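K.L.:
The structure that follows is given in the form of structure tokens.
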Amino acid sequence: MKPSNRLCLLAQLCLVLPLAACSGLRSNEVVAQTYVLQAGTSALPADSANRAAPAGDTAQTLAIARPVAASGYDTDRIAVLRADGRFDSFSASRWAGDLPDVLQTALIDTQRASGSWRAVFADTTPFSAEQLLQIEVRQFQAEYGASGPPVVHVTLEGTLGQRSKREVLRTLHAESRVGAKEDRMGPVIAAFNAALADALQQLQTQLPH
């Protein structure tokens, strides 16, 4: 074989071998499971879904702002407070979006289904609303004690205001704790949904009807 042909063959082998090696690689990274909060309309009384919106000029329009999250909660990670006080998150588990975005959707769904408003939408839409609801997430985590399954702790603070006058109409507070039945992600997520539904129902009782 001529030297020039031999060099050409070696060059081809150098290109092929890395590709063959890469095709056999397998990633050891654990794929994160995505969980959805499903507490929107379940936070309402049984007759709320069939309640008609107020007629005429008494019906108001409501814009719901993206919730403000305390440090550590403006993320898609599912927060955990360990027994020793460490603020952590569940590994390989995520919310379907950043927590404030997920909560904004739940708030909109709840208020639309309540029948208390002429229209409800996110404050980022081009429509103007008469009232604005701003929620702050103070607690939204699974808390572990010395033993047993965690307790989900949700605390929401809210402000309802008149947009045109920049006037605060009322302040809101909701806090809920729900224990998970087992220390597994399924029961823990169920506890998150139950705690959020309870907190949203508390907020609903403090809003105009």
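The values are calculated or read from the model by the stated rules, or taken from the named source; none is laboratory data. Predicted, not measured: the structure shown is a model, and the values here were computed from it. Reconstructed Cβ throughout: ideal geometry from the backbone, glycine too, with neighbour counts over all protein chains shown.
K.L.:
Within the stretch 41-53, is there a residue that is touching a helix residue (DSSP H, G or I) at 6+ places or on another chain (Cβ under 8 Å), closer than 22 Å to residue 154 by Cα and modelled with pLDDT of 85 or more?
P.N.:
Taking every residue of the stretch 41-53 in turn, none turns out to be touching a helix residue (DSSP H, G or I) at 6+ places or on another chain (Cβ under 8 Å), closer than 22 Å to residue 154 by Cα and modelled with pLDDT of 85 or more.
K.L.:
Would you confirm whether or not the stretch 114-130 contains a residue that is crowded, with 18+ Cβ neighbours inside 10 Å and aromatic (Phe, Trp, Tyr)?
P.N.:
yes
K.L.:
Okay, moving on. So which residues in the stretch 147-173 are outside any strand (DSSP E or B) and buried (at least 17 other Cβ atoms within 10 Å of the Cβ), if there are any at all?
P.N.:
Applying the first criterion (outside any strand (DSSP E or B)) to the stretch 147-173 yields 147-150, 163-166.
Across the stretch 147-173, the qualifying residues are 149, 150.
K.L.:
Considering 36, 68, which residue is surrounded by fewer than 18 Cβ atoms within 10 Å (Cβ to Cβ), of a type in the set (A, V, I, L, M), under 21 Å from the mean Cα position of the chain (by Cα) and at pLDDT below 95? Full working, then the answer.
P.N.:
Numbers: 68 fails: at pLDDT below 95.
Just a single option satisfies the conditions, and that option is 36.
K.L.:
Confirm whether residue 83 is modelled with pLDDT of 95 or more, farther than 13 Å from residue 111 by Cα, among the aliphatic types (A, V, I, L, M) and surrounded by 16 or more Cβ atoms within 10 Å (Cβ to Cβ). Walk me through how you get there before you give the answer.
P.N.:
Values: modelled with pLDDT of 95 or more: yes; farther than 13 Å from residue 111 by Cα: yes; among the aliphatic types (A, V, I, L, M): yes; surrounded by 16 or more Cβ atoms within 10 Å (Cβ to Cβ): no.
No; evaluated as a whole, the condition is false for this residue.
K.L.:
Looking at this structure, is residue 191 of a type outside the set (Ser, Thr, Tyr), under 20 Å from the mean Cα position of the chain (by Cα) and modelled with pLDDT under 95? Explain how you work it out, then say what you get.
P.N.:
On the way: of a type outside the set (Ser, Thr, Tyr): yes; under 20 Å from the mean Cα position of the chain (by Cα): yes; modelled with pLDDT under 95: no.
No.
K.L.:
Pick from 134, 104: which is touching a residue at least 12 places away in the same chain (Cβ under 8 Å), at negative phi, surrounded by 19 or more Cβ atoms within 10 Å (Cβ to Cβ) and not charged (D, E, K, R)? I'd like the intermediate steps shown before the answer.
P.N.:
On the way: 134 fails: surrounded by 19 or more Cβ atoms within 10 Å (Cβ to Cβ).
Just one listed residue meets the conditions, 104.
K.L.:
Could we say that residue 136 is charged (D, E, K, R) and under 20 Å from the mean Cα position of the chain (by Cα) here? Give the derivation first.
P.N.:
On the way: charged (D, E, K, R): yes; under 20 Å from the mean Cα position of the chain (by Cα): yes.
Yes.
K.L.:
Return the pair list, or none, for Cβ contacts closer than 8 Å from residues in the stretch 111-127 that are at positive phi to residues that are modelled with pLDDT of 95 or more and hydrophobic (A, V, I, L, M, F, W, C), at least 6 apart or on different chains.
P.N.:
Listed pairs, sorted by first residue: none to list.
Matching residues to (1) part of a strand (DSSP E or B); (2) closer than 27 Å to residue 32 by Cβ:
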site	(1), (2)
71	no, yes
78	yes, yes
89	yes, yes
101	no, yes
108	no, yes
125	no, no
128	no, no
134	yes, no
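K.L.:
Return the residue satisfying two criteria in turn: it lies in the stretch 174-209 and is in a loop (DSSP other than H, G, I, E, B) and of a type in the set (A, V, I, L, M), and of such residues it is surrounded by the most Cβ atoms within 10 Å (Cβ to Cβ). Give the derivation first.
P.N.:
Within the stretch 174-209, the first condition is being in a loop (DSSP other than H, G, I, E, B), and the residues that meet it are 180-184, 207-209.
In the following step, the residues that additionally are of a type in the set (A, V, I, L, M) were identified as 180, 207.
Details: 180: 22, 207: 19.
Only one residue tops the list, namely 180.
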